[in-house]
Amino acid sequence: MLAGREGDATRLAMRILVEMAGIAGAERFIEVSSAHIDGGLYHGQAGLDFAERLSASGARVSVPTTLNVSSLDLLHPDLYRGDPDTASAARRLMDFYLSMGCRPSWTCAPYQLPERPRFGDQIAWGESNAIVFANSVLGARTERYGDFIDICAAIAGRVPDAGLHRTEERAGEILFNLSGLPERLLRTDVLYPVLGHLVGVEAGTSVPVLAGLPPGTSEDRLKALGAAAASSGAVALFHAVGVTPEAQTVEAAFQGRHPERTIGVTMERIRAARDDLSTATEEPLVAVSLGTPHASPAELDELAAAFAGDRVHADIDFYVSTGRGVLAEAEGRGTAGQLRDSGVQIVVDTCTYITPILRPRPGAVMTNSAKWAYYAPGNIGVEVVFGSTEECVRSAIEGRIWRDDAFWHDD
């Protein structure tokens, strides 16, 4: 590859990976079985130039490769409210990645696709929530691969043997004791993004271990937890004792080592983390945005059921983001039609906290996603109110912010 016998694009990809291996202190490369590319999201000319150079040099991915969200909803192009020139550049970027053989999945949740990594698989994934889900919930192994490096790994089919690809680097470092939380809270969806936000703030880049989650905690709840922890911190792997595959026991999660710190998670800490996710309380409600990370089939079904025949208030815009594969399933089950009948706009291929889709109106946007709440104020300049799915739906129906504060009491 370095000698150029497999083409100029492969030579460039391998040169970059060799430099990365030196920085990481890796002594060898390992082959990967799949890749997930974050670089298809348009951030400026540099990303477009890099993809164009690879494409023009005949680059082709050598392993199954999915694509993260883009900057456009290709199925609902009228939703885009941004600059036409930016949209044109974003579409060119998407086309370059398709020309390299990437799959047009356009989702931040590739683990919801039928083909997903298995336990122990070595992979090269970008997108923070996908990385933490693959490492933690699936037990696959990936480092944090950002733009440019991700497509290089997909072309070369290998990555440096370093970081979370190695067993010893996957040991827990910080213990979060959840015994102080009431059982009723542990059994509700809304806890998990809030808990993830707290874990990310405290853990940073460390590997957290959570002791006390209920056995059988659903993938959607773990998805929300990991996405939040990867946003407020840089968590790429967490262990949940008795839940995730590398944490049958506390000892297994820490690989026999002692925790560097132990943090008792109390209701006071959880309430503070919940409040940290809102920038507004009194502003009028103008929109609701769910589906960050992309909503699963079960989450779309639950959202449709939550309306129970009611409809979004005329003054409120309601969006839910999902992958086009999940949307196709929802269309077949009739769920998508129910959501539209309730006044919900379904968004695919992108997400509303990175693409100008929301109408620019003064007021607050409500979400059940800690990731959306963390990034939206800076990315698109909105005020945010965090709440449960029930709070978001009821608020949208009533046309005002409605929250159940009693739910967060200690008793």
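The values are calculated or read from the model by the stated rules, or taken from the named source; none is laboratory data. Everything numeric here is computed off the predicted structure, so don't read it as measured data. All Cβ positions, glycine included, derive from the backbone under ideal geometry; neighbour counts span all protein chains shown. Note: areas computed on protein heavy atoms with side chains; ligands, DNA, RNA excluded. Shrake-Rupley method; radii C 1.70, N 1.55, O 1.52, S 1.80 Å.
Some observations on this one:
- Taking the listed residues G101, G146, G120, the one that is of a type outside the set (D, E, K, R), open to solvent by 10 Å² or more (accessible area, probe 1.4 Å) and closer than 10 Å to I37 by Cα is G146, with no other qualifying.
- Lone qualifier among R60, R5 - being in contact (Cβ under 8 Å) with a residue 12 or more places away in the chain and open to solvent by 70 Å² or more (accessible area, probe 1.4 Å): R60
- Hits in segment 261-289 - residues which are outside any helix (DSSP H, G or I), out of contact with any Gly (no Cβ under 9 Å at 6 or more places or on another chain) and of a type outside the set (A, V, I, L, M, F, W, C): R261, T262, T279, T281, E282, S289
- Any chance L93 is in a helix (DSSP H, G or I), open to solvent by 50 Å² or more (accessible area, probe 1.4 Å) and within 23 Å of T322 (Cα to Cα): no
- Every residue from segment 9-60 that is under 25 Å from the mean Cα position of the chain (by Cα) and of a type in the set (D, E, K, R): E31, D38
- The set of residues from segment 162-174 being under 16 Å from D121 (Cα atoms) and buried (at least 18 other Cβ atoms within 10 Å of the Cβ) comprises A162, G163, L164, H165, R170.
- For segment 199-255, filtering for residues that are open to solvent by 20 Å² or more (accessible area, probe 1.4 Å), touching a residue at least 40 places away in the same chain (Cβ under 8 Å) and β-branched (V, I, T) leaves 2.
- Every condition in (1) modelled with pLDDT of 95 or more; (2) among the small types (G, A, S); (3) out of contact with any helix residue (DSSP H, G or I) (no Cβ under 9 Å at 6 or more places or on another chain) is met by A153 except one, and the failing one is (3).
- If the condition is being within 24 Å of the chain's Cα centre (by Cα) and assigned to a helix (DSSP H, G or I), then segment 77-88 contributes P77, L79, T86, A87.
- Test result for L74, in a helix (DSSP H, G or I), surrounded by fewer than 22 Cβ atoms within 10 Å (Cβ to Cβ) and under 23 Å from the mean Cα position of the chain (by Cα): no
- Residues located in segment 67-105, provided they are touching an Asp or Glu at 6+ places or on another chain (Cβ under 9 Å) and of a type in the set (V, I, T): V69
- Taken as a whole, the condition of being in contact with a helix residue (DSSP H, G or I) (Cβ under 8 Å, 6 or more places away or on another chain), more than 18 Å from R261 (Cβ to Cβ), among the charged types (D, E, K, R) and in a helix (DSSP H, G or I) applies to R221.
- All of (1) open to solvent by 10 Å² or more (accessible area, probe 1.4 Å); (2) modelled with pLDDT under 95 hold for L185 with one exception: (1).
- Single residue of segment 47-57 satisfying the filter (open to solvent by less than 70 Å² (accessible area, probe 1.4 Å) and of a type in the set (A, V, I, L, M, F, W, C)) that is farthest from R11 (Cα to Cα): L48
- Test: residue in segment 262-279 that is closer than 19 Å to A171 by Cα, surrounded by fewer than 24 Cβ atoms within 10 Å (Cβ to Cβ) and touching a residue at least 24 places away in the same chain (Cβ under 8 Å): yes
- Looking at A51, A46, just one residue is part of a helix (DSSP H, G or I), within 30 Å of T322 (Cα to Cα) and free of Cβ contacts under 8 Å to residues at least 12 places away in the same chain, and that residue is A46.
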